[in-house]
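Heads up: the structure comes next, in structure tokens.
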Amino acid sequence: MKLKTNILFSLFLLAFMAIQPAFSQKKLNSLNQALRYSRYSRLGLKIIPIKENETDYKLQMVVEKIEEDIDFNTFSFSYMILNSYDQEIMDDEVTILTENDIKLDTERHWYFEKTVSIPADQEVAVALLSVLDTRQADEYYYHIDLKSPFVFEQPSFGAYYANHVPFDQNFLTKGQSLLFKSAAGPSLHEFYYPAVFDVPYPPMETKPATVPKELEVIDEGDFLTNVPESLDNEGYYFIQGDTSSSTGLLLKTTHEAFPKVKDWEEMIQMVTYISTRKEHETLLTAEDKKKALDEYWYNLTRNPDIAKDLIREYFRQIEFANILFTDFKEGWKTDRGMIYVVMGPPNEVNFYQDREVWTYLGMNESSKIRFTFVRVKNILNPHYYSLNRSRAYQPVWFKNISIWRSGKMAF
């Protein structure tokens, strides 16, 4: 009887281990995180760190339920703390998350919360959340630096939905409210930037983009924590607990239709990526924007049905870019958003401490196309990336634009 019990336990243990993400011989920079940007992801992952003291960080791990009627038991959840992007990930360093670890289970989210301790003298610490879909063996990853040369410091407060789930979006519709919680004091400070940014230069344009000499900022003053705070204007807000520090929380506020397109004027701005300069100038100066756009799409395809499909897919790409890459700019105006719209979701995504690399597959290794986004340290966003531009991108860029203009998706 005892032997039979041991055999059954061993079989159970092997089955349990088989559905866990296999990390042995893997490193963070070798993990393909392409599912983070897929149009068909079933989950959306986010880690939001809160610094509690000199060594302790609260990890708010939020999993968005994108798939309808989703079942927790379909997935295997785990997290770990790494001291570098090239540290080998060992299975015994992985912490499994079970249903007992769920802090909140809502219609839209599973929310886990764990506190980790990082030695004060440790220079790099990276939190990695992993979810394995046991049906197709799809592996979802999300990581964030708790400490690194690119992070000034983590905030000691957080923003939350009304149901107390941490705010996990990249944007908030203007006029909506969030709840802020802080253990450091009864109030926070709010700065508002009514900024509008230009469309980025194409990937083969090597001259530096223009930088505004000054940026308008409006000091909105203090507001109370634990009381819903309405962010009423379109632009972005920077929230701080201490205005003398180099840390805070960026919140982008948008129009009501975002991440979708708002009106004909905005639609005209967005077609710049697949338009000639003359076409775009004609659209910008047209008195009847709708008519001009209808003519523009029809002239590209010469087929109204194909034109409808093209419009739908192009602006679907815009919507995904807004969801995925919005920071203080709308997602479609960021470097990653621009590449995403024209080239489509990357086949491979690899993160290093100082860069993010997207790979698009070709016929063989030599025909792969890689875009490198260099990480730029700034106070607003510790994970901000700028495209490393090169004239070598010109052939593939124009090729994909030509495919779009022929009435097909370029991927």
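The values are calculated or read from the model by the stated rules, or taken from the named source; none is laboratory data. Source: prediction; values computed, not measured. So basically every Cβ, Gly included, is an ideal-geometry build from the backbone, and we count neighbours across all protein chains shown. To get the accessible areas, we keep the full protein, side chains included, count just its heavy atoms, and leave off ligands, DNA and RNA. Shrake-Rupley method; radii C 1.70, N 1.55, O 1.52, S 1.80 Å.
A few remarks follow.
- Filter pass, ALA184 being surrounded by 14 or more Cβ atoms within 10 Å (Cβ to Cβ) and modelled with pLDDT under 95: yes
- Annotation note: Cβ proximity below 7 Å between a residue of segment 149-162 that is open to solvent by less than 20 Å² (accessible area, probe 1.4 Å) and a residue that is of a type in the set (Gly, Ala, Ser) and in a loop (DSSP other than H, G, I, E, B) (sequence gap 6+ or interchain) occurs for PRO155/GLY241; PRO155/GLY248; PHE157/ALA184; PHE157/GLY241.
- Whether a residue is touching a residue at least 60 places away in the same chain (Cβ under 8 Å) and in contact with a Lys or Arg (Cβ under 8 Å, 6 or more places away or on another chain) was assessed, and GLU54 does not pass this test.
- Applying a threshold of 9 Å to beta carbon distances and a minimum spacing of six or more residues, or different chains, the list of pairs starting in segment 201-216 at a residue that is within 12 Å of LEU387 (Cα to Cα) and among the β-branched types (Val, Ile, Thr) and ending at one that is in a loop (DSSP other than H, G, I, E, B) and at pLDDT 85 or above reads THR206/ARG389; THR206/SER390.
- Of all residues in segment 316-330, those satisfying the criterion of being within 16 Å of GLU256 (Cβ to Cβ) and in contact with a Ser or Thr (Cβ under 9 Å, 6 or more places away or on another chain) are ASN322, THR326, GLU330.
- Of the criteria (1) more than 29 Å from the chain's Cα centre (by Cα); (2) modelled with pLDDT of 95 or more; (3) not polar (S, T, N, Q), which one PHE16 fails: (2)
- Tally of residues being within 13 Å of VAL62 (Cβ to Cβ) and buried (at least 19 other Cβ atoms within 10 Å of the Cβ) across segment 112-143: 6
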